[in-house]
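I have placed the structure first, in the form of structure tokens, so that the comments after it can refer back to it.
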Amino acid sequence: MTKLYTIILLVSFAGTLACQSELKSKTQAYHKQLKKGLSFQIGKDHVPDAKYFSYKPALRLLASLEKAEPDEDMIFTTFEGTNKTLQTYGKLHFELDNTVYHLLLFREGVAVGNPMANKYLLLPFTDETNGVSTYGGGRYIQVEQADIIDDKLWLDFNYAYTPWCAFAVDYSCPVPPKENSLNIKIKAGEKYKE
């Protein structure tokens, strides 16, 4: 019986490692694709080599979504000092280190008829790594609407990236709202040296 239990534990552990390895590979491919798009837009000479925290499985969290009322908009100040309106999609609720947190999720480009507005959502946030090991203005996570199932989604901070306006003045990036300030260090995703 002990041998069988040991085999089951080893198989379970190996499966967990394989899953983590696959998630890490997907995260790395995602970041590479983001930088490729940015390089194409502004020229590769202006995009520094990206650095990332090591992949942290504990920062992939199941979040529940509380959808917002239709047409609930929020006006953001951008890093460039202009205003930008985003549609509030909802509020995410998740637990990390025995504390419940809430972050607002937004739909971008609805007013201008952006076809990607129905595919991707924007999660801008700040945390205590900003200005130390990550971009001072905060970071973003892009969420695919198709990943929201029964008002739940896997919120993976390993996908956090630096807003493109940190690299190019042509981009108008919304400053994360104060409601999306986390009073913890999220040591996952992209790093940034000011």
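Which one of these does Val132 not meet: (1) within 18 Å of Glu95 (Cβ to Cβ); (2) without any contact (Cβ under 8 Å) to a residue 24 or more places away in the chain?
The single condition Val132 does not satisfy is (1).
Report whether or not Thr78 is of a type in the set (Val, Ile, Thr) and touching a helix residue (DSSP H, G or I) at 6+ places or on another chain (Cβ under 8 Å). Steps first, please.
On the way: of a type in the set (Val, Ile, Thr): yes; touching a helix residue (DSSP H, G or I) at 6+ places or on another chain (Cβ under 8 Å): yes.
Yes.
Does any residue of the range 111-121 turn out to be more than 14 Å from Leu61 (Cα to Cα), basic (Lys, Arg) and modelled with pLDDT of 90 or more?
Our first condition is that a residue be more than 14 Å from Leu61 (Cα to Cα); within the range 111-121, this holds for 111-121.
Retained after the next criterion (residues that are basic (Lys, Arg)): 119.
Then keep just the ones that are modelled with pLDDT of 90 or more; that gives none.
No: zero hits.
Quick check on my filter: what residues within the range 148-158 are under 22 Å from Met74 (Cβ atoms) and either modelled with pLDDT under 95 or surrounded by fewer than 22 Cβ atoms within 10 Å (Cβ to Cβ) (or both)?
Answer for the range 148-158, where residues must be under 22 Å from Met74 (Cβ atoms) and either modelled with pLDDT under 95 or surrounded by fewer than 22 Cβ atoms within 10 Å (Cβ to Cβ) (or both): Ile148, Asp151.
Collect the residues in the range 47-104 that are more than 18 Å from Leu182 (Cβ to Cβ) and among the basic types (Lys, Arg), keeping them in residue-number order.
The answer is Lys51, Lys67, Lys84.
Go through the residues of the range 157-164 one by one and say whether even a single one is hydroxyl-bearing (Ser, Thr, Tyr) and assigned to a loop (DSSP other than H, G, I, E, B). Write out each step before concluding.
Initially, the range 157-164 is screened for residues hydroxyl-bearing (Ser, Thr, Tyr), giving 159, 161-162.
Still in the running and assigned to a loop (DSSP other than H, G, I, E, B): 162.
Scanning the range 157-164, I find at least one residue that is hydroxyl-bearing (Ser, Thr, Tyr) and assigned to a loop (DSSP other than H, G, I, E, B), so the answer is yes.
If you check Ala168 against the conditions, is it at pLDDT below 90 and out of contact with any Leu (no Cβ under 7 Å at 6 or more places or on another chain)?
On the way: at pLDDT below 90: yes; out of contact with any Leu (no Cβ under 7 Å at 6 or more places or on another chain): yes.
The answer is yes for Ala168.
Which one of these is at pLDDT 95 or above, in contact with a Gly (Cβ under 6 Å, 6 or more places away or on another chain) and not small (Gly, Ala, Ser): Leu104, Leu65? Write out each step before concluding.
Values: Leu104 fails: in contact with a Gly (Cβ under 6 Å, 6 or more places away or on another chain).
After applying the criteria, what remains is Leu65.
Being over 23 Å from Tyr52 (Cα atoms) and among the hydrophobic types (A, V, I, L, M, F, W, C) is the requirement here; does Ala146 meet it? Lay out the reasoning, then the answer.
Working: over 23 Å from Tyr52 (Cα atoms): yes; among the hydrophobic types (A, V, I, L, M, F, W, C): yes.
It is true that Ala146 is over 23 Å from Tyr52 (Cα atoms) and among the hydrophobic types (A, V, I, L, M, F, W, C).
Hey, Pro176 hits all of (1) part of a loop (DSSP other than H, G, I, E, B); (2) surrounded by 14 or more Cβ atoms within 10 Å (Cβ to Cβ); (3) without any contact (Cβ under 8 Å) to a residue 24 or more places away in the chain but one; which does it fall short on?
The number of the failed condition is (3).
The values are calculated or read from the model by the stated rules, or taken from the named source; none is laboratory data. Computed from a prediction, not measured in an experiment: that's the story for all the values here. Every residue, glycine among them, receives a Cβ derived from its backbone with ideal geometry; neighbour counts consider all protein chains shown.
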